[in-house]
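Asks: Here's a structure for you.
The values are calculated or read from the model by the stated rules, or taken from the named source; none is laboratory data. Quick caveat, the model's predicted, so the values are computed rather than measured. Methodologically, a virtual Cβ is constructed for each residue, glycine included, from the backbone with ideal geometry; neighbour enumeration extends over all protein chains shown. Only protein heavy atoms, including side chains, enter the accessible area calculation; ligands, DNA and RNA are left aside. Shrake-Rupley method; radii C 1.70, N 1.55, O 1.52, S 1.80 Å.
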Amino acid sequence: MYTVINKTKNRTVVTKAKTADTFFQRLWGLMLRPGMESEEGLIFYNVSSIHMFFMRFAIDVIFLDKHMRVVKICPALKPWSMAASLKATITLELPSLKAAQAQVEIGDTLAFIPH
């Protein structure tokens, strides 16, 4: 479990982020779940695109480069859509509109703090 911090703005983004490490965690992601808690997040390493197939709710998607800099934000991405960033190596999925609430912007640097 990780707390995601926006180092640029010294703000907490979410406090309960998990990594999708295994094949099945990466495959299933958030599919078929009824929603996300407000402090929940899902981290994918070595991923530059995501799909929203079989999703039941919208999410925010933040794409990060290898230096943990935000290179793209997709707010309120709807079910059955897709998003990608050629510059990204890490993808962070958050509850819908959480990125704006936490004031995350392109160019900000994030950190994942284990706990």
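Asks: What are the residues whose amide H is under 5 Å from the amide H of G41, where those residues sit 5 or more places off or on another chain and H is modelled from the backbone?
Replies: K16, A17, K18
Asks: Rounded to the nearest percent, how much of the accessible area of the range 29-115 (1.4 Å probe, protein heavy atoms only) is carbon and sulfur?
Replies: For the range 29-115, the apolar C and S fraction of the accessible surface comes to 59 percent.
Asks: Using Cα pairs under 8 angstrom and six or more residues apart, how large is the relative contact order of the chain, in percent?
Replies: Relative contact order of the chain: 32 percent.
Asks: Moving on. Which residue, P34, P75, P95, has the most motion in a Gaussian network model of the chain that connects Cα atoms within less than 10 Å?
Replies: Result: P34 has the largest fluctuation of those listed.
Asks: Give the Cα extents of the chain along the principal axes, in whole Å, largest first.
Replies: 34, 28, 26
Asks: I want to verify a result. In a Gaussian network model of the chain, Cα cutoff 10 Å, which of these has the top mean-square fluctuation: M82, M36, M52?
Replies: M82
Asks: Follow-up question, since we're still on this one. Does the range 40-107 come out rounded, prolate or oblate by the C-alpha gyration tensor, with a ≥ b ≥ c the root eigenvalues, rounded set by a/c under 1.5 and, if not, prolate when a/b is larger than b/c and oblate if not?
Replies: In terms of gyration-tensor shape, oblate.
Asks: Could you state the accessible area per residue of the range 36-115 in Å², with a 1.4 Å probe and every protein chain left in place? Before the final figure, lay out the partial values.
Replies: Values: 4080 Å² over 80 residues.
Spelled out: the 1.4 Å probe surface of the range 36-115, per residue, equals 51 Å².
Asks: Nearest 500 deg cm²/dmol is fine: what mean residue ellipticity at 222 nm does the chain get from its DSSP H runs of n ≥ 4 alone, each adding -39,500 (n - 2.57), divided by its residue count?
Replies: Details: 2 runs with 10 residues, N = 115.
Using -39500 (n - 2.57) per qualifying helix, the result is -1500 deg cm²/dmol.
Asks: Say the dipole of the chain comes from +1 at the beta carbon of Lys and Arg and -1 at that of Asp and Glu; which of G107, F54, A20 then lies farthest toward its positive end?
Replies: G107
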